[in-house]
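To keep things clear, I will list the structure first and then write my remarks on it.
Nothing in this text is a laboratory measurement; each read-out follows from the coordinates by a stated rule. Predicted model, so just to flag it, every value in this text is computed and none were measured. Cβ atoms come from the backbone with ideal geometry, glycine included; neighbour counts cover every protein chain shown.
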Amino acid sequence: MIEIAQKIQELQDEVGKIIVGQENLKRDIVVALLSGGHILLEGAPGLAKTRTISSYAQALKLSFQRIQFTPDLLPSDLIGAKIYDPDAKIFEVKKGPIFANFVLADEINRAPSKVQSALLESMEERQVTIGDKTFPLDAPFMVLATQNPLEQEGTFQLPEAQLDRFLLKTIVEYPTKAEEKIILQKAISRDTTKLSTIFGKKEILELREMIEHIQVSESIYDYICNIIFASRDTELHPEIAYGASPRASLALLRTSKALAVMQGRDFVIPEDVKTMAYGVLRHRIILQYEALADGIVTEDIIRNILKDTKLD
């Protein structure tokens, strides 16, 4: 297990040759990749989201596609369509950009709901239907969708049921002053930096299989259940309108296992659960309008839940 953790750290170091800082983002990408889930990224423009994802694709020898979501985007622009070939007099399938291992759905909330639904169906089913044919998506398949918190005009809000499909929501932060200085110093060289392949598809799928066998004690199962149930306790936390679904319990378990592997353990500890709780819950807990008006944010609620929830 230590060797696996060292290999994952080697991957993080390789990506770190291009991406300065953003440790939470890099951790969550690997956690989601090992867990077989998808990530919702929220952050201002210019924080290297695209570059980070393309760097992982390069270091893992995976295919990568970026799709800019716009109000005039059609589902066929995403998944593909049947195109008529006048020479052969037949319809041929032209696959869309969804057929990649890493798909960056940039500004997902700018596309109409029918396009969002097409993407989310691909995420859930891991297959796409074009005409009368169904095509499986190549594993590993991971969607990283971005939202810009600064601009809300002309956007289509993602419904809670669709948000719940994302394993994690990660807040992409501004770099520190020291990190920004390093970014400036690396500005020219990182455009020409070629990353080595650390491991590929076969190893990723083997790691996913391994995660299924990570040990989880009865007390950790209880701890996860208590956290999720606390998110639904509107008497204890009156700021909450809707709490997390059972899907959140599964997400918290899977991500905690993945984090344990990243840290060289074959068992989950409470710190794994606490660390991943923020990413798992921040898009699944819906606050009351009054709480939002008072400036209360979901992070505060999660912090209080973790503080109040004790390990049995």
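A compact table of results
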quantity: Dipole moment magnitude, nearest 20 debye, the stretch 215-272 about Cα centre, only Lys, Arg, Asp, Glu C-beta charged; calculated: 300
quantity: Point-charge dipole on Cβ atoms (K/R +1, D/E -1) for the chain, about Cα centre, debye to 20; calculated: 920
quantity: Residue with peak Gaussian network fluctuation, the chain [Cα springs, cutoff 10 Å], from ILE90, ILE285, ILE269; calculated: ILE90
quantity: Calculated FRET value between TYR242 and GLU23, using beta carbons and R₀ = 25 Å, to 0.05; calculated: 0.25
quantity: Simple label model, 7 Å out from Cα along Cβ direction - ASP138 to ASN226, nm; calculated: 4.6
quantity: In nm, spacing of pseudo-spin labels at ASP294 and LYS94 (7 Å Cα→C-beta vector); calculated: 5.5
quantity: Of ILE302, LEU292, ILE204, farthest towards positive along the dipole that unit charges on Lys, Arg, Asp, Glu beta carbons give the stretch 175-311; calculated: ILE204
quantity: Among ILE286, ILE296, ILE79: highest mean-square fluctuation, GNM of the chain, C-alpha pairs under 10 Å; calculated: ILE296
quantity: Calculated FRET value between GLN215 and LYS82, using beta carbons and R₀ = 45 Å, to 0.05; calculated: 0.40
quantity: Positive-end residue, the chain charge dipole about Cα centroid, Cβ charges, pick of PHE267, ILE29, ILE18; calculated: ILE18
quantity: Top of ILE83, ILE67, ILE171 by mean-square fluctuation, Gaussian network on the chain, Cα under 10 Å; calculated: ILE83
